[in-house]
Every structure is written in structure tokens, then in C-alpha cells.
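Below: one structure, written as C-alpha cells.
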Amino acid sequence: MSSSDPTNTNKESLTRDVKKESAAIKGAITGGTVIAEMLLGGLFLENLKMQKQLLAQPYPTVARTMLRAGLGGFWAGFWPWGAALGLSKGIVLGAAKSFWQNAFLNYTSVSKDNIDLYSGILAGACQGIVMGPTLLARTRVNEGLRIRMEAGLKSEGVMGEFVLSMGILNDAIKRDGFKTLTIGLPTMVGKRAADWGCRFLFMGMVKDAWLSAKANPEEGLHGWEKLCATFIGSGSSVLVLQPLDKIMPVIQADRGGKSVMDVLRVQIANKGYFGCFWGGMGIRLVHIGWHTSWAIFVAQELYNKFYDGGSSGH
């Protein structure tokens, strides 16, 4: 249907903030909120999770090892690849979510509840295309950072980190060619689509349950209720997606000639199936909830307040 067709209506929602938006503005805002999330603890949580998988030590031990490097340990890997990854994935997520949202609103009669889910899945796939090469570079750099942290070496400053990162990536490209930047890309696209689709599905379920429990559901959800539902719902997606999260670093790591299955067999033998695929769910739940709260809730609130005149979109 055309957007000018008066019969093209989308069933309203009391819990999803779905409306026509500027993809460029939403992308820029989301990029900024993701960078803020990373600097305010998100990057540390992500690195903590990755180092825990690599070192197989308790979280407190891994955290102390990382923080021995001072602020450089707290923000390890931020410059340049962490910043590039965070900014690019935030911009793409925000812009793609608005783009697909607008397309569904303009050309379909899909309900706004479903538009929120479908546009989230498609935005996740778009994000995966951009994230694949950047995340691979960051994975390789983090391997080098881990060696430095284990040796007790402190951060060499912004330029030092940049030179180190470029050197590690350059060595990988020299050894394996530029195809090294596309390793695991199809898996990444599928993972991000499933990841964000699952987050939006769970967030929607929590919001609907929260709304139905209110004395007056017609008033919708308040801001703090949306924030809590975003954190709880997105964090709960870890129950479904943790295995993919565990496998991706193995796919993209330098495995020394071993296949992915060879590495996984060793890990399963050492940790068991649950430890290999679902171990560390707690920190992953917190990280997903923290990241999604900034990338979705905070970005939407900023867009509504400063660009859309305070509209709630409901």
C-alpha cells in the first residue's frame, strides 16, 4: 500500500515507541549513546566477559588483572577499534531501525507491536554487516592486550594503543590476507539479527506483562517502567543466545591452524556443555541489559525530547 492511502493504518501500541523518524538523526543519537555506554562501564563488562572466556579464571581475578593497568585497563581496546565498533554499530542500529520502521509504517498495515520486532531483526542484520570486520579486528587486538595484561604492563596511552592495535591487525592481514576481515561474517549477520530480534521479542513480552499488571493499562508505561522492562527483557535474551555469543570469539580468534570444532571439543572436555555454552550468563545478562538500555531506551528518550518535540509515539 502507498503511504498516501488513507486505509493504510497500523494498529497502535501502548508499549512500543513506534513512529516515523529521521533515520539520520536517530542513527547519530544512538551512536553517541553507545559510546557513552561503553565509557561508563559497558566496555569493561564486555572485555571482562571475553577475558573470562580466554583465561578461564574467576571474574574477580580477571577484573583485578584488567584493572592493574589503571584506567587503560578499564577502557582497554577502546581506541581505535572499540570506538570504531561502538560508533558504527550504534549509528547503523539506530538508523536501520528507523529506516525499516518507516518502511513498515509507510507501506504496510502491520501492527506497531510487530513493526518494533521486525524492524529490530532487520536492523540487527544491517549491524552485523558493519560489525563483522571491525569486531574481528578488535578480537585480534584483545588477544594482544590480554598478553600485555598478564605480563602486568600498563597502558601506553592513546597513541601507544593505536600503534599496537594497527601492528596486530597488520600482522594478521599480512599472514592471512584481507579475507581475514570477512571471517565469520555470515555468522555475524545471522547472530545480530537473532540477537536483536530476541531482545525486542523479550522486551515486548516484559512490557506487555508489566502493562497488563497495571490498574489502568490505558495510561501506558511510564519512563522508569520502560527502562526496567528494557533492561530485564533484553537481558533475558541471554538464555537463548549465549551459545552463539560463546562461539563467535572462537570463530574469529587466531586458532593456530585448528578448526572451530577442534577448539570447542577441548573446551567441552574441560568445562562440560553447560560451562562451554552457558557459563558466565550473569555478566552477559548485565552487559546486554546495560547496553540495550542506552542504545534503545536512552536514545529514544533523547530523540523524543530534543528532536521530536517530546512525542511518545504511542
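The values are calculated or read from the model by the stated rules, or taken from the named source; none is laboratory data. Remember, it's a predicted structure, so these values are computed and weren't measured experimentally. In this analysis, Cβ positions are derived from the backbone assuming ideal geometry, glycine residues included, and neighbour counts consider all displayed protein chains. The protein model used for the area step is the full one, side chains on, heavy atoms only, and it has no ligands, DNA or RNA in it. Shrake-Rupley method; radii C 1.70, N 1.55, O 1.52, S 1.80 Å.
For residues that are assigned to a helix (DSSP H, G or I) and among the β-branched types (Val, Ile, Thr), scanning just segment 8-52, find the one that is surrounded by the most Cβ atoms within 10 Å (Cβ to Cβ).
Of everything passing the filter in segment 8-52, Thr30 is surrounded by the most Cβ atoms within 10 Å (Cβ to Cβ).
Within the bounds of segment 273-284, is there any residue that is in contact (Cβ under 8 Å) with a residue 60 or more places away in the chain, hydrophobic (A, V, I, L, M, F, W, C), open to solvent by less than 50 Å² (accessible area, probe 1.4 Å) and farther than 17 Å from Gly124 by Cβ?
Yes, segment 273-284 contains at least one residue that is in contact (Cβ under 8 Å) with a residue 60 or more places away in the chain, hydrophobic (A, V, I, L, M, F, W, C), open to solvent by less than 50 Å² (accessible area, probe 1.4 Å) and farther than 17 Å from Gly124 by Cβ.
Would you please list the contacts, defined by Cβ atoms under 8 Å and residues six or more apart or on different chains, that run from a residue in segment 8-29 that is under 10 Å from Ser98 (Cα atoms) to a residue that is part of a loop (DSSP other than H, G, I, E, B) and among the hydroxyl-bearing types (Ser, Thr, Tyr)?
Between residues of segment 8-29 that are under 10 Å from Ser98 (Cα atoms) and residues that are part of a loop (DSSP other than H, G, I, E, B) and among the hydroxyl-bearing types (Ser, Thr, Tyr), the close pairs are Lys19/Ser311; Ser22/Tyr307; Ile25/Tyr307.
Of all residues in segment 183-228, which are without any contact (Cβ under 8 Å) to a residue 24 or more places away in the chain and open to solvent by less than 20 Å² (accessible area, probe 1.4 Å)?
Glu225
Where residues in segment 281-314 are hydroxyl-bearing (Ser, Thr, Tyr) and modelled with pLDDT of 95 or more, which of them is nearest to Gly86 (Cα to Cα)?
If we filter segment 281-314 for residues that are hydroxyl-bearing (Ser, Thr, Tyr), which is where we start, we get 292-293, 303, 307, 311-312.
Now narrow it down to the ones that are modelled with pLDDT of 95 or more: 292-293, 303.
Values: Thr292: 13, Ser293: 15, Tyr303: 19 Å.
Only one residue fits best here, namely Thr292.
Out of curiosity, is Arg192 basic (Lys, Arg) and under 19 Å from Ala96 (Cα atoms)? First the steps, then the outcome.
Numbers: basic (Lys, Arg): yes; under 19 Å from Ala96 (Cα atoms): yes.
Spelling it out, Arg192 is indeed basic (Lys, Arg) and under 19 Å from Ala96 (Cα atoms).
Need the failing condition index for Ala69 against (1) at pLDDT below 80; (2) open to solvent by 20 Å² or more (accessible area, probe 1.4 Å); (3) among the hydrophobic types (A, V, I, L, M, F, W, C), just the number.
(2)
Determine which single condition Gly235 fails, assuming it passes every other condition in (1) within 24 Å of Leu85 (Cα to Cα); (2) at pLDDT 95 or above; (3) of a type outside the set (A, V, I, L, M, F, W, C).
Going through (1) within 24 Å of Leu85 (Cα to Cα); (2) at pLDDT 95 or above; (3) of a type outside the set (A, V, I, L, M, F, W, C) one by one, Gly235 breaks only (2).
So which residues in segment 229-263 are open to solvent by 50 Å² or more (accessible area, probe 1.4 Å) and over 17 Å from the mean Cα position of the chain (by Cα), if there are any at all?
Asp254, Arg255, Gly256, Gly257, Lys258, Met261, Asp262
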